[in-house]
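Colleague: Have a look at the structure that comes next, please.
The values are calculated or read from the model by the stated rules, or taken from the named source; none is laboratory data. In this text, all values refer to a predicted model and were calculated from it rather than measured experimentally. When we count neighbours, we look across all protein chains shown, and the Cβ atoms used for this are built from the backbone with ideal geometry, even at glycine. Heads up: the accessible areas ignore ligands, DNA and RNA and are worked out on the full protein's heavy atoms, side chains in. Shrake-Rupley method; radii C 1.70, N 1.55, O 1.52, S 1.80 Å.
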Amino acid sequence: MSSLRLRIPLAAASLVAAALALAALLDGAESLLIAGLVLGAVAGLLGVLASRSLLRPLASVKQAAAAIAAGDFGARVWPRPAGEVGELADAFNRMADAVQEQMTDASAQRGRLEAALNSSIDAVVALDGDLRVLYANVAAERLFQRPAAEVAGKPFVWYMPNEQVLDAVRASRDRGERHVNVIERPGRQYLQAVTTPIVGGGDWAVLVVFHDLTDVRRTELVRRDFVANVSHELRTPLAGLKSVIETLAAGAIEEPKLAHEFLDRADDEVDRLIQLVEELLELSRIESGEVPLVVAPADVAALLSDVAEHLRPQAERKGVSLSLRVGEDVGSADLDARRLERALSNLVHNAIKFTPEGGAVTVSAERAGDRLVVKVSDTGIGVAAEDLPRIFERFYKVDHSRASGGSGIGLAVVKHTVEAHGGSVKAESELGRGSTFSFSLPVARP
Ligand code: ADP
């Protein structure tokens, strides 16, 4: 810079000297005119030189700096100015390279962090000291049912008006405590909320992570219900057996006719117990996959007819008609015949059981592409819409007052058997009008 600053005045000075020498050779008005012209040219040249050699290169540095500040990290000083401003430009460009590299690294790191947070199934929310939402990941958007952009900057309480969680959040902010709460949300949703203070996170003061416990809770409830239900189902026949034994012991055993009656009743109770235990065992075998299916091509029409003929006497006793409708193209299907027969028997047995006298039960089978669809329809008492979604759960009985003597396991066995075949079950019903229980299976096993 300093030599440049010197060089311009020197060049100007030699021009001035030349102008004066020329004026000395000439005389009068001519010499004055020429010297004036030369000085004007020098002033112009100085202006041009100053702007060309200093201001323009500096302006390009200034321009590049402004572009970088505005986020264009690829901006550079180019073309390279000559001389010392060029060296300044080189240093500036090297600095811009380093800044660009750091920014690329930082944004890749930020992208990875964001991707990791967004692929979490847990809702993650960061709050500032005023408990406003500063960050919400995709799972949190789902939880709040609002886009993150809408949630950002808004009070957390708007989206989580739960005193337990809010207290925990305040404790994390004010006392640096970590809290774990389980809260229930509408729709029987259970959430575990973990609140932790964020140390060294700038304006991020508290982190809240919501973990959905609904499935875990449901499994716990199912397990608890299972034990309660099994005990309950065992208690009824066992109590019956006990009273039979007591009656016999109290003297009924001496009267052969009475004794026979009580023994028959005991036999029924034992049958109930055996059926319950067998259904439970079958359910647990299928669920655990311990005893695999014995799959072989089976004649579908023959299988349906076996089941229908087996249950026809029961239907006749009840005054319910039982008919069979098998499509001609049904043919054979790969299945575990013994297990599927049992499942179908369950459906037909229920249909007869829940259809009053004079009603009708129809068993049908048809092909739908590469699937076999079997339906059991009845004109019976039907199932209320609110019970239908739970009807295949084990131990689920629609109305305990109906006390059909069943254990509520039958349909669970059907569902698991069909699913083990790669199929699905369906129940449609209208209260007081009848029901259709159906299942569909792939005809051929891969
Ligand atoms: P259960 O041994 O009690 O019959 P299931 O699992 O087979 O057990 O059936 C569960 C409940 O579903 C039954 O208690 C009954 O209330 C209802 N249900 C099943 N099939 C029918 C049907 N065809 N019509 C009306 N209700 C039915």
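Colleague: If you fit an axis through the alpha-carbon atoms of helix 56-69 and take the longest principal axis of the Cα set of the chain, what angle between them do you get, 0 to 90°, nearest 10?
Modeller: 20
Colleague: So, in nm, how far is label Ala148 from label Arg223 when the simple model puts each one 7 Å beyond its Cα toward the Cβ?
Modeller: 3.5
Colleague: Once you charge only the Cβ atoms, +1 for Lys and Arg and -1 for Asp and Glu, what is the size of the charge dipole of the chain about its Cα centre, to the nearest 20 debye?
Modeller: On the way: 49 positive and 60 negative charges, 343 e Å.
Charge dipole, the chain, about its Cα centre: 1640 debye, nearest 20.
Colleague: Rounded to whole Hz and in sequence order, give me ³J(HN,Hα) for segment 424-433 from the Karplus expression 6.51 cos²θ - 1.76 cosθ + 1.60, θ = phi - 60°, writing x for Gly and Pro.
Modeller: Whole-Hz 3J(HN,Hα) from phi for segment 424-433: 9, 10, 8, 10, 10, 7, 9, 4, x, 10.
Colleague: Under a crude label model (7 Å from the Cα following the beta-carbon direction), how far is Val182 from Glu87 in nanometres?
Modeller: If labels sit at Val182 and Glu87, their model points lie 7.3 nm apart.
Colleague: Right, here's the next one. What accessible surface, in Å², does a 1.4 Å probe find on Arg56, ignoring ligands, DNA and RNA and rounding to the nearest 10?
Modeller: Roll a 1.4 Å probe over it and Arg56 shows about 150 Å².
Colleague: Can you work out ³J(HN,Hα) from phi for every residue in segment 324-337, in order, using Karplus 6.51 cos²θ - 1.76 cosθ + 1.60 and θ = phi - 60°, giving whole Hz and x for Gly and Pro?
Modeller: 10, 9, 10, x, 5, 8, 5, x, 10, 9, 7, 7, 8, 4
Colleague: Still on this structure: Expressed as an acute angle from 0 to 90° and rounded to the nearest 10, what is the orientation of the C-alpha long axis of helix 28-50 relative to the principal long axis of the chain?
Modeller: Helix 28-50 sits roughly 20 degrees off the main axis of the chain.
Colleague: Arrange the peptides 101-112, 149-160, 339-350 so that the one whose residues have, on average, the most other Cβ atoms within 10 Å appears first. Intermediate results must be reported in sequence, preceding the final value.
Modeller: On the way: 101-112: 10.6, 149-160: 15.4, 339-350: 22.3.
Those peptides, ordered most packed to least, come out 339-350, 149-160, 101-112.
Colleague: Sticking with this one: What does the helix-only formula give at 222 nm for the chain: each DSSP H stretch with n ≥ 4 adding -39500 (n - 2.57), the total divided by the residues, and the result rounded to the nearest 500 deg cm²/dmol?
Modeller: Using -39500 (n - 2.57) per qualifying helix, the result is -18500 deg cm²/dmol.
Colleague: How large is the charge dipole for segment 77-235, taken about the Cα centre, if only the Cβ atoms of Lys, Arg (+1) and Asp, Glu (-1) carry charge, to the nearest 20 debye?
Modeller: Here the size comes out at about 780 debye.
Colleague: Something else now. Taking H as built 1.01 Å from N, whose amide H comes closer than 5 Å to the amide H of Val443, not counting residues under 5 places away?
Modeller: For Val443, whose amide H was placed from the backbone, the distant partners under 5 Å are Arg371, Leu372.
Colleague: On the full set of protein chains, 1.4 Å probe, figure out the accessible area of Ile198 and give it in Å² to the nearest 10.
Modeller: Rounded to the nearest 10, that gives 50 Å².
Colleague: Would you work out which of Val199, Phe226, Val99 lies farthest towards the positive end of the dipole of the chain? Charges go on Cβ: Lys and Arg +1, Asp and Glu -1.
Modeller: Projecting each Cα onto the dipole axis, the largest value belongs to Val99.
Colleague: On a 0 to 90 degree scale, rounded to 10, what angle separates helix 83-118 from the longest Cα axis of the chain?
Modeller: Tilt relative to the chain: about 10 degrees.
Colleague: Ile198's amide H: which non-local residues (gap 5+, or another chain) put their own amide H closer than 5 Å, with H modeled 1.01 Å from N in plane and none for Pro or chain starts?
Modeller: Val206, Leu207
Colleague: Of the beta bridges DSSP finds with both residues in the chain, what % are antiparallel, to the nearest 5?
Modeller: Bridges in the chain are about 90 percent antiparallel.
Colleague: Can you tell me how much longer the chain between Arg338 and Ala67 gets when fully stretched, taken as 0.36 nm per residue apart minus their C-alpha distance, in nm with one decimal?
Modeller: Numbers: separation 271, 0.36 × 271 = 97.56 nm, distance 7.80 nm.
Separation in residues times 0.36 nm, less the Cα-Cα distance, equals 89.8 nm.
Colleague: Let me ask something else. Mind jotting down the distance between the C-alpha centroids of segment 173-197 and segment 53-74, whole Å?
Modeller: Computed from Cα coordinates, the inter-centre distance equals 51 Å.
Colleague: Taking amide H positions as placed in the peptide plane 1.01 Å from N, state which residues far from Val320 in sequence (5 or more) or on other chains have amide H under 5 Å from it.
Modeller: Gly358
Colleague: Skip the ligands, DNA and RNA, and give the accessible area per residue of segment 311-427 with a 1.4 Å probe, whole Å². Could you put the intermediate results ahead of the total?
Modeller: Numbers: 5350 Å² over 117 residues.
Per residue, segment 311-427 has 46 Å² of solvent-accessible surface.
Colleague: Here's something else I'd like to know. Can you tell me what percent of all Cα-Cα pairs in the chain are more than 44 Å apart?
Modeller: Details: 53233 of 99235 pairs.
Tail of the P(r) past 44 Å holds 54 percent of the pairs.
Colleague: Which ³J(HN,Hα) values, rounded to whole Hz and listed in residue order, are derived for segment 178-191 from phi using the Karplus coefficients 6.51, -1.76 and 1.60 in 6.51 cos²θ - 1.76 cosθ + 1.60 with θ = phi - 60°, glycine and proline given as x?
Modeller: Values per residue, Gly and Pro as x: 10, 10, 10, 10, 10, 10, 9, 10, x, x, 6, 9, 10, 10 Hz.
Colleague: Continuing with the same structure: Using a 1.4 Å probe over the heavy atoms of the protein chains, calculate the carbon and sulfur portion of the accessible area of the chain as a whole percent. Don't skip to the end; give the middle numbers.
Modeller: Working: 14830 of 25970 Å².
Exposed carbon and sulfur together represent 57 percent of the surface.
Colleague: In a shell of Cβ-Cβ distance under 13 Å around Gly187, excluding Gly187 itself, what net charge do Lys and Arg (+1) and Asp and Glu (-1) give? Please list the in-between numbers first.
Modeller: Numbers: positive: Arg185, Arg188, Arg217, Arg218; negative: Glu184, Asp212.
So the environment of Gly187 carries a net charge of +2.
Colleague: Nearest 0.05, what FRET efficiency do Ile245 and Val99 give at R0 = 56 Å with Cβ-Cβ as r?
Modeller: Values: r = 92 Å, r/R0 = 1.64.
After rounding, the FRET efficiency stands at 0.05.
Colleague: Can you grab the distance from the C-alpha centre of segment 75-129 to the C-alpha centre of segment 338-388, Å, no decimals?
Modeller: The two parts, judged by their Cα centres, are 67 Å apart.
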